[in-house]
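Report on the following structure.
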Amino acid sequence: MEVNKYGFDNNGLLTLFEEKYNDIDVRFGTVTILSGERVPKKGLSKHEENEYSIIIKGEIEGESGGTPFRVSESHATFIPAGEQHWAINSGEEPCKIVWALVKEK
């Protein structure tokens, strides 16, 4: 078993693992979005990886690919590579999320 702790980036994402295997790159980690916090702070986010997330605690709402969404504890989401998106914690408690970014070469 391998245990890693990489640290936080400028967006508050804690990356726990980064793995390159054959034709797939995977990053896996956590983020906590405080009540009233928007991600990104302005504009839209987009990346070249598919994004898979599980809401561990709290709730968020936002828009992905022009479609509004609202998710809460125990929900999972998928955002395709290249799709523009944003989210805001509309709840009263921090929203804790486990995420994975997966890129196929």
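Every read-out reported here was derived from the displayed coordinates using simple, explicitly stated rules and does not represent laboratory data. Note that the coordinates shown come from a computational prediction; the quantities given were computed from them, not determined experimentally. Here the Cβ is made from the backbone with ideal geometry for all residues, glycine too, and neighbour counts use every protein chain on show.
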task: Find me the longest stretch of the chain that has none of the exposed GluC sites (Glu not before Pro), where exposed means in a DSSP loop (not H, G, I, E or B) with at most 16 other Cβ atoms within 10 Å.
output: 3-36
- request: Quote to one decimal, in nm, the extra length available between Thr67 and Val102 on full extension: 0.36 nm per residue of separation minus the C-alpha distance between them.
  value: 10.4 nm
field: Fewest-first ranking of Arg27, Arg38, using other Cβ atoms within 10 Å as the exposure measure
entry: Arg38, Arg27
message: Quick query: amide H of His75 versus all other amide H atoms, modeled in the peptide plane; which residues come in under 5 Å with a sequence gap of 5 or more or a different chain?
response: Ile55
- prompt: How large is ³J(HN,Hα), in whole Hz, for each residue of the range 20-32 in order, when computed from phi with the Karplus curve 6.51 cos²θ - 1.76 cosθ + 1.60 and θ = phi - 60°, using x for Gly and Pro?
  reply: 10, 9, 6, 9, 10, 10, 10, 10, 9, x, 9, 8, 10
field: Counted charge near Asp25, where neighbours are those whose Cβ lies closer than 9 Å (Asp, Glu -1; Lys, Arg +1)
entry: -1
task: With an 8 Å cut-off on Cα pairs and a minimum separation of 6 or more residues, tell me the relative contact order of the chain in percent.
output: 34
query: Considering only Phe28, His47, Ile79, whose Cα is most displaced toward the positive end of the charge dipole of the chain, charges sitting on Cβ of Lys, Arg (+1) and Asp, Glu (-1)?
result: His47
